[in-house]
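Each reported figure results from applying straightforward, stated rules to the coordinates on display, with no laboratory input. Note that the coordinates shown come from a computational prediction; the quantities given were computed from them, not determined experimentally. Using ideal geometry, Cβ is built from the backbone for each residue, glycine included, and neighbour counts are taken over all protein chains shown.
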Amino acid sequence: MYETHVGSPRSRVDGKLKVTGAARYAAEYTAPDLAQGYVVNSAIAKGRITSIDISAAMAVPGVIQVFTHQNRPRTAWRSKAYQDEVAPPGTPFRPLYDEKILYSGQPIALVVAEDFEIARYAASLVRVTYEAEGHQTDLEKVRMQAYKPPKTRSGMAPAPDRGDAEAGFGASPVRVSADYRIAIEHHNPMEPHAATVVWDGDGKITVYDKIQGVQNTQSYITHVFGLSQDDVHVLSPFVGGAFGSGLRPQYQLFLAVMAALELKRSVRVTLTRDQMFTFTYRPDGLQEMSIGANPDGMLQAIRHDVVSNTSTFEDYQEMIVGWSSMMYHCENVSTTYKLAQIDTYTPGDMRAPGAPTGMFALESAMDELSYKLGMDPLQLRLRNYAEIDEATGKPFSSKELRAAYQLGAERFGWSKRSPEPRSMKEGRELVGWGMASGMWEAQMQKTSARAVLTIDGKLEVGTATADIGTGTYTILTQIAADALGLPMEKVTAKVGDSKLPFSPVEGGSWAAASAGTAVTLACNTVRETLFGYARGMEGSPLANAEIGRVAFRDGRIELVSDPTRFVTIQDAMVAGKVHRIEAEETGSPSRINQARYSGFTHSAIFAEVRVDEELGRVRVTRVVDAVAAGKILNPKTARSQILGGVVFGIGMALHEESMMDHHLGRFMNHNIAEYHIPANADVEGIEVIFVEEHEDKLNPIGVKGLGEIGIVGTAAAIANAVYHATGKRIRHLPITVDRLL
Ligand code: MOS
């Protein structure tokens, strides 16, 4: 296939819609009779509601209904709690189910009114009394009750131990043993959660939800409310950032659908920024890491033990310790991963769930070891380079991490690093250079796509995945344009509509590989049909040609060996007596290759910090992230993904921290003034390098996915740079002034 668009930097096809405000988000859809909902949240962390008085709220002119557990419609919760596509083992939370309070901030009432301000005001008049029970929100206090999850979340089982880590560590002449921890982080994409439910009459609804998977939302609604698929149309054409927050249907969706079905009118429920702190978040992790090595730097043992928190009703799990089994060559490895329950909502996936957490511990410990050995941190990594996936014994489908280390180091100027901590200073600032490795799964999921070519030379491709800002529309357009030899302007990509062919949720960095493959297959079928018409045309210049010997270019099908022999798309379709050619295909990962190979993306991150010791101020002045992620479909949008991931990593290293008031059992951050994220001034130079990596095992298009790798290892590289600058090892993120001084 000729590739003119794939592999080239292309601006987002949806960019103009977004910057002009024409792209609409879930809370921006409207309907003639749209009512507005406002959620009342629990003020206690555990116990039960003893009374809930809605009379004052109901008396406010413009209030339509106040829903509580006492009057919620019977239509809700037809079945037992429904586990959506990405739900962890357990019993999913059911809003307004009964009087029990499971966490602070739990939704306990929905006020529906003619407008938002009325609903908000009336919500303040809902009077609730509670009977509180003692809650526990302190992970350290329940650490001893940690358990191995009885049911493993799919794909989250830690690798079996190998060798004898205990003995290996004991016999190691050089050792590091320390505790690491990250703060809980709350999701704060630009677009807070919202659902607009349009009542179409006759029990049918159209739902605009802020979600990463329209079909996951659709089946949630059909199961919870006992509706048929035909009754529920879910759309999410634009998503204002998600990062995992939109993988599972959240409570605003349930409440909006419930109210719309009961009131038989359209209802919108939006969450405020404050309410964004009442649900899914990246969990805390108490990590114990021990590594031992010989004086030459060869690792002799790795031991990684983690206790992470979950809720009291679900066993949320993520891969925190798995990286320690795979990242380096080491014969003796032991990991444990346990959960302890606290009285909060269930944690959830947040960009590369588990990986930046675990890699913060592993890559910090490796850095500590390098100083004990008196060895360059990069040399230490190269010395212990894993040639195969040692957790499974399988070869990697491809792994150009060595090239990433080398190119990243060159670009950064790593060889000029002076090894001693506190040895680099400029003006009043200490300068520190640190590095780390990153690793993330390269996955593909079974996905279907449709391609429709019409005689006017236009091509439409569609699949029910989502574009959460990652550039999915753009890469699918590039792939389809190349497949049929069309300019990108002639191609329309559609995603985020439950009526489109099947797709799992967009997540795990698998959308490019999965949707990209499905679109490729559907377009290939269209190509074959088209080629058949072209060849069968009377007096066809391609009469004896085979599909492998023609190119689809500039709206023509031409012979590669002699491009003057061609048939236009239009002529071929006329010859075939058709106005449109439609194909739907499904792509699945190769089972054989999945069994044979391990597929991962890798990265090498180099960071420079400047620390003003008098003020305790840390600036991340330079980051070089060299990424090996297979084929890069679009270097421009790909780079943006890595930039965003690195910024997220800066946030993890220096800013983001959800603070729990254990007395109240409540997160105390309520907005982005109190929950710090990197602002423009916190982000200086970031350079992204894509390392050449040939990938042909994981999917037919050779991509590995890029949405998550940018955050993995970044916080560790920054913390390592802070140590190099200051001689202070901060093992508890974020590195705030109080921890540094
Ligand atoms: Mo990602 S955390 O799988 O949206």
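How do Tyr121, Tyr208, Tyr597 line up, fewest other C-beta atoms within 10 Å first? Mind dumping the intermediate values first?
Values: Tyr121 17, Tyr208 28, Tyr597 20.
In order of increasing Cβ crowding within 10 Å: Tyr121, Tyr597, Tyr208.
Mean Kyte-Doolittle hydropathy of -1.0 or higher plus an axial Cα length of 20 Å or more: which whole DSSP H helices in the chain meet both?
Details: long enough: 355-373 (26 Å, 0.18); 511-536 (37 Å, 0.45); 635-650 (22 Å, 0.60).
Helices meeting the criterion: 355-373, 511-536, 635-650.
Kindly identify the stretch 21-101 as rounded, prolate or oblate by the Cα gyration tensor criterion: order the square roots of the eigenvalues as a ≥ b ≥ c, call it rounded if a/c is under 1.5, otherwise compare a/b with b/c, prolate if a/b is larger, else oblate. Mind dumping the intermediate values first?
Values: a/c = 1.96, a/b = 1.10, b/c = 1.78.
Oblate is the answer for the stretch 21-101, as a/c is 1.5 or above yet b/c matches or exceeds a/b.
Over the Cα atoms of the stretch 592-741, what radius of gyration and what Dmax do you get, in Å?
18.0, 59
How high is the relative contact order of the chain, in percent, counting Cα pairs under 8 Å that sit 6 or more residues apart?
On the way: 1949 pairs, mean separation 126.1, N = 741.
Value for the chain: 17 percent.
What whole number of Å gives the distance from the Cα centroid of the stretch 459-525 to the Cα centroid of the stretch 34-110?
37
Compute the relative contact order of the stretch 315-416 as a whole-number percentage, counting only Cα pairs closer than 8 Å that sit 6 or more residues apart in sequence. Mind dumping the intermediate values first?
On the way: 76 pairs, mean separation 32.1, N = 102.
That works out to 31 percent.
Which number comes out as Rg/Rh for the chain once both Rg and the Kirkwood Rh are worked out on C-alpha atoms?
Working: Rg = 27.2 Å, Rh = 27.3 Å.
We get a ratio of 1.00 for the chain.
Which of His694, His186 has the fewest other C-beta atoms within 10 Å, and how do the rest follow up to the most?
Numbers: His694 11, His186 20.
The most exposed by this proxy come first: His694, His186.
Leaving out same-chain residues fewer than 8 places away, which lysines sit with a Cα under 27 Å from that of Lys728?
Within the straight-line cut-off, Lys728 pairs with Lys372, Lys416, Lys425.
Sorting Val306, Val618, Val63 on the 10 Å Cβ count, fewest up front, what's the list?
Details: Val306 25, Val618 29, Val63 22.
The order, fewest Cβ neighbours first, is Val63, Val306, Val618.
Please report the Cα spread of the stretch 490-640 along all three principal axes, rounded to whole Å, starting with the longest.
Projected onto the principal axes, the Cα atoms of the stretch 490-640 cover 83, 35, 34 Å.
For the stretch 584-741, what's the relative contact order in percent, using C-alpha pairs closer than 8 Å and at least 6 residues apart? Can you show the working numbers first?
Numbers: 259 pairs, mean separation 56.2, N = 158.
Relative CO of the stretch 584-741 lands at 36 percent.
Set the bar at 23 Å for Cα to Cα. Now go through Lys394/Lys631; Lys494/Lys636; Lys636/Lys704; Lys399/Lys704; Lys494/Lys697 and name every pair that lies beyond it.
Numbers: Lys394/Lys631 21 Å; Lys494/Lys636 21 Å; Lys636/Lys704 16 Å; Lys399/Lys704 11 Å; Lys494/Lys697 27 Å.
With Cα atoms farther than 23 Å apart: Lys494/Lys697.
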